[in-house]
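Working notes, beginning with the structure itself.
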Amino acid sequence: MRRIDCPISIEDLRKLYTVEKLTDQKIADQIGLGATVKRVRSWRKRFGILTINRTERHNVLPIEGNLRSLLVGSMLGDGRLDKLPNTTRYMENHADSQREYAEWKRLQWGSWVKSELKPVSWVLEGQTFYGWRFETVAHASFNKWHSLFYNSVGPKLLRSEAICLVDPLALAIWYMDDGSAGWWPEITFGMPKKSHVIAFQLLEKFNLKPRWKRNKGNTGVLIFEGEDQAHLFISLVKPYILDCMKYKLNFGFQGPFYQIRQATPENILREMASKNVPIRRMAKELGVSTSSINRRLQQHSIFHPRKIGRPSICQYQIT
């Protein structure tokens, strides 16, 4: 049988198939001139143009930048990767009360997600819970990420190679997924025991040194206790916390006495006392009660003549 030459150049055929990712049928339709699917396949084989897996036809965003942070932070939290024979897909569930958060995450994935949120339910300790789920298309580029967070079999785990991939955005995603606002910030962590060491090393990168409180099995809570640790943690994640998740920034340690201490720093109290500003005026300027001013002066052993006259300077800038 006489060989039929391809009516377009090798470069054009390669571009149509590997760059524009047209199917053989669409290429045949575009070429015309009697081209068929069988002939297009024959031309590709002749020119060494390898067949593209159908999942590679998905026009998806590269996993880099903020999307990489989203993936890594989510894998520390509620995300999971489902390995198929040749490809992998990402999926995630959230409770009904966190639908807005789940929808935000779905939108961040862009063209990776082809459908809307889907309602789901699950049973835990005999109780049924309702929520929402989304999943990405399956793609070979996820395979290396599956290898990072899983062995060939078994649960999700954490490897040391992931440490350098965690930035403040990923940390904030992890906290929005699995964090809670107790007295101090805390994150529930439930990966296998060997992953605990990696988690502490990961947090050490940010100078965070949480206390571990064990729950059942391998599950426990990372608690960022002490005001220095709490403030550092909050400063890292707060810029990325969504409005719908800001309830996770209401900590017990930031109660009335904390607010008073924040409003009455020692340097400002000393400056005002040195200028004989009356206590009532100090209280008014700083937005606290006179008893709070008295208590704070005593705590810092700051002398105050407790005069009632009008001071020469009464406005102070707290920095």
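Give me a comma-separated list of calculated 3J(HN,Hα) values for region 274-286, in order, Karplus coefficients 6.51, -1.76, 1.60 applied at θ = phi - 60°, integers in Hz, x for any Gly or Pro.
Values, residue by residue: 5, 9, 6, 5, x, 4, 4, 5, 4, 4, 5, 5, 9 Hz.
If one computes the Cα centroid of region 200-262 and of region 117-189, what distance in Å separates the two points?
Their Cα centres are 19 Å away from one another.
Strictly greater than 21 Å: what percent of every Cα pair in region 157-238 meets that?
19
Report relative contact order for the chain in percent, whole number only (criteria: Cα-Cα under 8 Å, sequence separation at least 6).
Once divided by the residue count of the chain, the mean separation gives 12 percent.
Let me check against my output: what whole-number percent is the relative contact order of region 233-312, with C-alpha pairs under 8 Å and at least 6 apart?
Answer for region 233-312 is 31 percent.
Compute the acute angle (0 to 90°) between the alpha-carbon long axis of helix 290-299 and the principal axis of greatest extent of the alpha-carbon atoms of the chain; round to the nearest 10°.
Relative to the chain, helix 290-299 is tipped by roughly 90 degrees.
Can you work out D for region 239-299 in µm² s⁻¹ from Stokes-Einstein, where Rh is the Kirkwood radius over C-alpha pairs, the temperature is 37 °C and the viscosity is 0.692 mPa s?
Estimated via Stokes-Einstein, D reaches 250 µm²/s.
Under 11 Å from the Cβ of Asn143, count the other residues' Cβ atoms, weight Lys and Arg +1, Asp and Glu -1, and hand me the total.
Within the 11 Å Cβ shell, the charges total +3.
Would you calculate, for the chain, the mean residue ellipticity at 222 nm contributed by helices, counting each DSSP H stretch of 4 or more residues as -39,500 (n - 2.57) and dividing by all residues, to the nearest 500?
Helices in the chain give a 222 nm mean residue ellipticity of -11000 deg cm²/dmol.
Taking the 0 to 90 degree range and rounding to the nearest ten, how far is the long axis of helix 193-204 tilted relative to the main principal axis of the chain, both from C-alpha atoms?
60
Run the reach check for Lys38 against lysines, Cα to Cα strictly under 28 Å, same-chain hits fewer than 8 apart removed. What comes back?
Reachable lysines: Lys15, Lys21, Lys26.
In the neighborhood of Ile198, defined by Cβ-to-Cβ distances under 14 Å, what is the net charge if each Lys or Arg adds +1 and each Asp or Glu adds -1?
So the environment of Ile198 carries a net charge of +3.
Collect residues whose amide H, placed 1.01 Å from N in the peptide plane, falls under 5 Å from the amide H of Thr88; neighbours closer than 5 in sequence don't count.
It is His139, Ala140, Phe142, Asn143, by chain and number.
Using the Kirkwood radius over Cα pairs, work out the Stokes-Einstein diffusion coefficient for region 35-181 at 4 °C and 1.567 mPa s, in µm²/s as a whole number.
Estimated diffusion coefficient is 75 µm²/s.
Can you tell me what the convex hull of the Cα atoms of the chain projects to on average, as an area in nm²?
Result: a mean projected hull area of 25.8 nm².
Read-outs throughout are calculated quantities, based only on the coordinates presented, and are distinct from any laboratory measurement. Quick caveat: nothing in here was measured; it's all calculated off a predicted structure. Virtual Cβ from ideal backbone geometry, glycine too; neighbours counted across all protein chains shown.
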